[in-house]
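The values are calculated or read from the model by the stated rules, or taken from the named source; none is laboratory data. Fair warning: this is a prediction, and the values are worked out from it, not measured in the lab. Here the Cβ is made from the backbone with ideal geometry for all residues, glycine too, and neighbour counts use every protein chain on show.
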There are 2 protein chains.
Amino acid sequence: MKIPLGKIPYVYPIPIALLGAQVHGKPNYATVGDLGLMGINPALVCVSSHRDHYTNIGILEHGTFSLNFPTTSMLSVTDTCGVFSGREVDKSAWFDNFYGELQSAPMIQECPVSLECRMLQNTLIQHRQIFIGEVHCAYVDEAYLSQVEGKKQIADLTRLDPILYALDNRYYSIGQPIGVGYQEAKR
Amino acid sequence: MKIPLGKIPYVYPIPIALLGAQVHGKPNYATVGDLGLMGINPALVCVSSHRDHYTNIGILEHGTFSLNFPTTSMLSVTDTCGVFSGREVDKSAWFDNFYGELQSAPMIQECPVSLECRMLQNTLIQHRQIFIGEVHCAYVDEAYLSQVEGKKQIADLTRLDPILYALDNRYYSIGQPIGVGYQEAKR
């Protein structure tokens, strides 16, 4: 039997990323779980952030942002990025920063994958600023790439070792491969 | 060293849900990974679906949809929902369907959690229809709820046992708890 619990957005599991933007001339990163893939071609993502967040200043100024996916070994610094605002601390010192072609979306070398994004749309719903972006370029650490039949292939999730989150305020690791898309259909 | 791979939206891991809508008087469900939490209060979600998808007809007609989170034991039927269109098969017969207060967003009894949503915004970017919705009510199976200090508490992710996905076209299970939000900060 289903129990109605009211207006609670139990989306799960929640992927954790570090949302990067250039604010007042410096890289800043905010820990976010409010994000999603929105399409493969065009390469769309969305991310939401409280309109008062420091990171938003940079996204709105430059029209660019990044999503950086930490490993579980980065849990402590990732959690810390969500505790302090860029108004209080200079988080750029916590990472080895780099930029891509857009020049205004700082990214994190320590993360296996960083997505450099251009903001396409910006919607405010109450205090939530929802950014829809197009991935301009994905940067993958060479340690997580292999050549398979002449094509670059990214490591599986057990190696990318992402941080997950749930609304019970716990972080989780990824489990094991359990199947292949479009191959598990009932026969 | 980071290797630029171009316009690839490597968001990971991708939570898998069954997107429900009432189409031509019947429940229909599409497997989606293009979704995200967009805020807790207000309770916002977003989901994206190709504009030609059968499910979109129902979302646009009623202004409502549901997100249903399957367990790994539902992998086969979940994958199948992504292989066939509601134009070809009647997927309502594959599940025990129920409705909430909005009456027009079909949900799945077999899923531990279903979110009944009202569409707030609808944006078309090329062929991707991006819906931002507010959760009207979350329905949680009583088997996944417990009473902790007089309050209803939802089971952790290892019990909810969600299906994850990645752009390497593999499905994954959840791993283990590794920490607590806002408690892992560097000391």
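Among the residues of the range A:6-59 satisfying the criterion of being charged (D, E, K, R) and farther than 30 Å from B:Asp161 by Cβ, which is farthest from the other protein chains (Cβ to nearest Cβ)?
First, the residues of the range A:6-59 that are charged (D, E, K, R): A:7, A:26, A:34, A:51-52.
Imposing the further condition that a residue be farther than 30 Å from B:Asp161 by Cβ reduces the set to A:26, A:51-52.
On the way: A:Lys26: 19, A:Arg51: 11, A:Asp52: 13 Å.
My answer is A:Lys26.
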Quiz item: Within the range B:111-129, can one find any residue that is surrounded by fewer than 17 Cβ atoms within 10 Å (Cβ to Cβ), in contact with an Asp or Glu (Cβ under 6 Å, 6 or more places away or on another chain), modelled with pLDDT of 95 or more and among the charged types (D, E, K, R)?
Solution: yes
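Could you list, in sequence order, the residues of the range B:35-51 that are in contact (Cβ under 8 Å) with a residue 60 or more places away in the chain, of a type outside the set (A, V, I, L, M, F, W, C) and crowded, with 23+ Cβ neighbours inside 10 Å?
We begin by selecting, within the range B:35-51, every residue in contact (Cβ under 8 Å) with a residue 60 or more places away in the chain; these are B:38, B:42-51.
When the remaining residues are screened for being of a type outside the set (A, V, I, L, M, F, W, C), the result is B:42, B:48-51.
Hits for the range B:35-51 are B:Ser48, B:Ser49.
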Quiz prompt | Residue list for the range B:14-33, restricted to those being more than 13 Å from B:Ile108 (Cβ to Cβ) and free of Cβ contacts under 8 Å to residues at least 60 places away in the same chain | solution = B:His24, B:Gly25, B:Val32
Practice problem: Could you check how many residues of the range B:1-22 are closer than 16 Å to A:Pro112 by Cβ and part of a loop (DSSP other than H, G, I, E, B)? | Solution: 8
Quiz item: Taking the range A:80-95 as the region of interest, how many residues are out of contact with any helix residue (DSSP H, G or I) (no Cβ under 9 Å at 6 or more places or on another chain) and either closer than 18 Å to A:Glu142 by Cβ or assigned to a helix (DSSP H, G or I) (or both)?
Solution: 4
Exercise. Please identify the pairs in which a residue from the range B:149-162 that is touching a residue at least 40 places away in the same chain (Cβ under 8 Å) has its Cβ atom under 7 Å from the Cβ atom of a residue that is assigned to a loop (DSSP other than H, G, I, E, B) and surrounded by 15 or more Cβ atoms within 10 Å (Cβ to Cβ), counting only partners at least 6 apart or on another chain.
Key: B:Ile154/A:Tyr10; B:Ile154/A:Asp168; B:Leu160/A:Tyr12; B:Leu160/B:Pro112; B:Pro162/A:Tyr12; B:Pro162/A:Pro13
Practice problem: State the number of residues belonging to the range A:52-89 that are loosely packed, with under 15 Cβ neighbours inside 10 Å and either under 21 Å from B:Gly36 (Cβ atoms) or in contact with a Pro (Cβ under 9 Å, 6 or more places away or on another chain) (or both). | Solution: 1
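Mind checking which strands (runs of 3 or more DSSP E) fall wholly inside the range B:96-187 and carry at least 1 residues that are at the interface with chain A (Cβ under 7 Å from one of its Cβ atoms), of a type in the set (Phe, Trp, Tyr) and under 30 Å from A:Leu160 (Cβ atoms)? Even if it seems obvious, please write down each step before you answer.
Numbers: elements: B:113-125, B:128-141, B:145-148, B:151-154, B:170-180.
Because the criterion is at least 1 residues that are at the interface with chain A (Cβ under 7 Å from one of its Cβ atoms), of a type in the set (Phe, Trp, Tyr) and under 30 Å from A:Leu160 (Cβ atoms), the strands (runs of 3 or more DSSP E) in the range B:96-187 that meet it are B:170-180.
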Quiz item: Scanning for something within 21 Å of A:Ala143 (Cβ to Cβ), crowded, with 17+ Cβ neighbours inside 10 Å, at pLDDT 95 or above and over 12 Å from the mean Cα position of the chain (by Cα), does the range A:16-31 turn up at least one residue?
Solution: no
Self-check item: When residues of the range B:140-169 are limited to those that are surrounded by fewer than 18 Cβ atoms within 10 Å (Cβ to Cβ) and of a type in the set (D, E, K, R), the one farthest from B:Leu67 (Cα to Cα)
Solution: B:Glu149
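Based on what the data block shows, is A:Ile132 modelled with pLDDT of 95 or more, among the β-branched types (Val, Ile, Thr) and surrounded by fewer than 16 Cβ atoms within 10 Å (Cβ to Cβ)? First the steps, then the outcome.
Values: modelled with pLDDT of 95 or more: yes; among the β-branched types (Val, Ile, Thr): yes; surrounded by fewer than 16 Cβ atoms within 10 Å (Cβ to Cβ): no.
Against the criterion (modelled with pLDDT of 95 or more, among the β-branched types (Val, Ile, Thr) and surrounded by fewer than 16 Cβ atoms within 10 Å (Cβ to Cβ)), A:Ile132 does not qualify.
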Quiz item: Does B:Ile108 count as within 17 Å of A:Gly39 (Cβ to Cβ), touching a residue at least 12 places away in the same chain (Cβ under 8 Å) and surrounded by 22 or more Cβ atoms within 10 Å (Cβ to Cβ)?
Solution: no
Quiz prompt | Members of the range A:66-85 that are more than 10 Å from chain B (Cβ to nearest Cβ) and in contact with a Ser or Thr (Cβ under 7 Å, 6 or more places away or on another chain) | solution = A:Ser66, A:Asn68, A:Pro70
